[in-house]
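**Q** Let me begin by handing over the structure; questions about it come next.
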Amino acid sequence: MPSDSNSSLKKKNLEVKAQIEGLAEEIKSLKSQLGNKDGDESTSAATQAARDQRSPTKERADFQSVQTRAEAELRQLSARLAQVSAKVDEVGKLIKAIDAIEEYSFQCNINIVGVPELNSQEMAEATSKLCAKLFAEIGTNITLQDIDIVHRVPLRSAGNLPRQIICKFTRRLAKEAVMAGGKDACKPNSINLGLPDRTSLSSLRLFDHLTSKMQNERDSRVLKIKDVEDLQKLLR
């Protein structure tokens with residue numbers, strides 16, 4: 001599923017970013033060491049006679065050898081950093097592409113909460129017919145032919161509420177017509193929906209079905225009501 005692929009890519013992206021940070025630290029440390037070597041060379045040149053009788057030529061050769069190896073290592077680290085950075089850019093583009101595809105696929109979806117289940121073994125066909133009756137009850141001309149896929153999914157904090165319904169329409173205009181009638185969502189007659197008489201529909205609400213990205217920061221204070229969980233959160 002797109003959301004699963006996106007989560008995997010985002011996890012990979014974080015791992016690659018951690019690699020970049022590690023490489024950047026290695027490069028910083030190596031540059032610092034090279035700077036210290038320059039300082040050490042100056043000091044040893046100034047105090048050479050007092051410190052020992054080592055050959056200046058050999059000392060210079062040793063320093064240049066260390067510097068050459070360090071510079072080669074620095075070039076390798078820089079090359080690795082460039083490769084990993086390119087990977088981050090590539091993964092970032094993939095994530096954006098998947099987000100766009102997911103948002104496009106969700107544009108015909110609605111989330112219906114508070115609709116009691118017909119029975120414990122309610123099948124998708126029965127749920128589709130229930131939705132068609134509901135849409136007729138709120139004054140739309142939506143029929144079964146306008147419904148593509150319907151399924152029930154549990155709420156994350158369900159309480160006593162029935163499983164929510166995700167309904168995908170065949171066209172966006174059908175979704176917009178239903179959402180326009182959403183203000184009357186709690187008015188349907190339960191018998192007309194095929195539910196027992198006096199079944200409460202007071203919790204029935206219609207919401208846009210949002211992607212995971214659009215549901216980010218749900219733990220922060222709600223500024224926009226997206227579904228019944230946001231409503232409950234705002235009332236706490």
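**Q** Filter region 164-181 for residues that are outside any helix (DSSP H, G or I) and modelled with pLDDT of 90 or more; which is farthest from Glu117 (Cα to Cα)?
**A** Within region 164-181, the first condition is being outside any helix (DSSP H, G or I), and the residues that meet it are 164-171, 181.
Those left that are additionally modelled with pLDDT of 90 or more: 164-171.
Numbers: Gln164: 9, Ile165: 10, Ile166: 13, Cys167: 15, Lys168: 18, Phe169: 20, Thr170: 24, Arg171: 26 Å.
Residue satisfying both the conditions and the ranking: Arg171.
**Q** Taking the residues in region 112-128 that are among the aliphatic types (A, V, I, L, M), part of a loop (DSSP other than H, G, I, E, B) and surrounded by 15 or more Cβ atoms within 10 Å (Cβ to Cβ) as candidates, determine which candidate is farthest from the chain's Cα centre (by Cα). Give the steps one after another, and end with the answer.
**A** Applying the first criterion (among the aliphatic types (A, V, I, L, M)) to region 112-128 yields 112-113, 115, 118, 123-124, 126.
Those still in the list that are part of a loop (DSSP other than H, G, I, E, B) too: 115, 118, 123.
Those left that are additionally surrounded by 15 or more Cβ atoms within 10 Å (Cβ to Cβ): 115, 118.
Working: Val115: 28, Leu118: 34 Å.
Among those residues, the one meeting the criterion is Leu118.
**Q** Test of understanding: among Asn189, Asn216, which residue is within 30 Å of Ser8 (Cα to Cα), at pLDDT below 90 and exposed (fewer than 13 other Cβ atoms within 10 Å of the Cβ)?
**A** Numbers: Asn189 fails: within 30 Å of Ser8 (Cα to Cα).
Going through Asn189, Asn216 in turn, just one is within 30 Å of Ser8 (Cα to Cα), at pLDDT below 90 and exposed (fewer than 13 other Cβ atoms within 10 Å of the Cβ): Asn216.
**Q** Tell me whether region 80-102 contains one or more residues that are over 30 Å from Gly181 (Cα atoms), at pLDDT below 75, in contact with a Leu (Cβ under 7 Å, 6 or more places away or on another chain) and small (Gly, Ala, Ser).
**A** No, because not a single residue in region 80-102 is over 30 Å from Gly181 (Cα atoms), at pLDDT below 75, in contact with a Leu (Cβ under 7 Å, 6 or more places away or on another chain) and small (Gly, Ala, Ser).
**Q** Still on this model: Restricting attention to region 84-106, which residues are under 18 Å from Asp208 (Cα atoms) and surrounded by 14 or more Cβ atoms within 10 Å (Cβ to Cβ)?
**A** Residues satisfying the conditions are Asp99, Ile101, Glu102, Glu103, Phe106.
**Q** Scan region 144-164 for residues that are in contact with a helix residue (DSSP H, G or I) (Cβ under 6 Å, 6 or more places away or on another chain) and β-branched (Val, Ile, Thr) and jot them down.
**A** Result: Ile147, Val150.
**Q** Return the pair list, or none, for Cβ contacts closer than 7 Å from residues in region 60-71 that are part of a helix (DSSP H, G or I) to residues that are at pLDDT below 70, at least 6 apart or on different chains.
**A** Matching pairs, first to second residue: Phe63/Lys37; Phe63/Glu41; Val66/Lys37; Gln67/Leu34; Gln67/Lys37; Ala70/Leu30; Ala70/Gln33; Ala70/Leu34.
**Q** Right, here's the next one. Thr211 versus (1) at pLDDT 80 or above; (2) among the hydroxyl-bearing types (Ser, Thr, Tyr); (3) in contact with an Asp or Glu (Cβ under 6 Å, 6 or more places away or on another chain): which is the lone unmet condition?
**A** Single failed check for Thr211: (1).
**Q** Give me a count of the residues in region 129-155 that are assigned to a strand (DSSP E or B), of a type in the set (Lys, Arg) and under 16 Å from Val178 (Cα atoms).
**A** First, the residues of region 129-155 that are assigned to a strand (DSSP E or B): 147-153.
If we keep only those that are of a type in the set (Lys, Arg) too, we end up with 152.
Applying the additional criterion that residues be under 16 Å from Val178 (Cα atoms) yields none.
Total meeting the criteria: 0.
The values are calculated or read from the model by the stated rules, or taken from the named source; none is laboratory data. Fair warning: this is a prediction, and the values are worked out from it, not measured in the lab. We place every Cβ from the backbone using ideal geometry, glycine too, and count neighbours over all the protein chains shown.
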